[in-house]
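For reference, the structure is listed below as structure tokens.
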Amino acid sequence: DRTPRGNRFRKETHSRKPSRSSRSRIKPNLQKLPVTKIEPLLKEIVSSNQAYALDTDYNVIHRTSNVNIFTEMDETYKTIIIDGVVNQRFLDHAVEKRIERIIAVNIKPRLKIENPDSIELYYFKDFL
């Protein structure tokens with residue numbers, strides 16, 4: 001509801017339940033990840049505009065630019081490390097390709113994930 005206040009309208013404040021943003025969906029389960037394998041890759045990729053695709057054993061199976069990783073995404077990739085920003089389109093494509101986790105420099109807020117258990121999102125800063 002809007003109520004007049006002088007020459008301006010002021011929106012009535014209603015208490016509402018805060019929305020669950022994508023940042024609250026980011027999983028803090030770092031204990032199960034092999035940080036000793038991931039950390040050197042992150043240090044190598046920082047500020048390079050590159051992306052790495054990893055297999056189930058966290059071995060690099062593909063290296064490309066952070067722009068080309070979108071079109072080159074494959075169902076054999078289990079983890080993607082990207083020196084870039086994850087947006088809704090990238091996330092949807094990764095879920096479609098059954099990528100298990102993405103580690104990125106930044107993740108856009110308010111991403112919609114139909115099944116939050118289908119993919120894990122991490123920031124570089126979670127490891128470094």
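The values are calculated or read from the model by the stated rules, or taken from the named source; none is laboratory data. Values in this document were obtained by computation on a predicted structure and should not be read as measured data. Because the Cβ atoms are built from the backbone with ideal geometry, glycine has one as well, and the counts that use them run over all protein chains shown. For accessibility, only protein heavy atoms count, side chains too; no ligands or nucleic acids. Shrake-Rupley method; radii C 1.70, N 1.55, O 1.52, S 1.80 Å.
I need the full set of residues from the range 64-76 which are buried (at least 16 other Cβ atoms within 10 Å of the Cβ) and part of a strand (DSSP E or B), in order please. Within the range 64-76, just 64 meets the criteria.
Within the range 77-113, the set of residues being touching a strand residue (DSSP E or B) at 6+ places or on another chain (Cβ under 9 Å), open to solvent by 70 Å² or more (accessible area, probe 1.4 Å), free of Cβ contacts under 8 Å to residues at least 40 places away in the same chain and over 18 Å from residue 47 (Cβ atoms) comprises just one member, 100.
Take residue 41 and decide whether it is in contact with a Leu (Cβ under 7 Å, 6 or more places away or on another chain), surrounded by 12 or more Cβ atoms within 10 Å (Cβ to Cβ) and either at pLDDT 95 or above or not in a loop (DSSP other than H, G, I, E, B) (or both).
Details: in contact with a Leu (Cβ under 7 Å, 6 or more places away or on another chain): no; surrounded by 12 or more Cβ atoms within 10 Å (Cβ to Cβ): yes; either at pLDDT 95 or above or not in a loop (DSSP other than H, G, I, E, B) (or both): yes.
Judged against the criteria, residue 41 is not a match.
One residue stands out among those in the range 114-128 that are in contact (Cβ under 8 Å) with a residue 24 or more places away in the chain and not in a loop (DSSP other than H, G, I, E, B): the one that is nearest to the chain's Cα centre (by Cα), which is 121.
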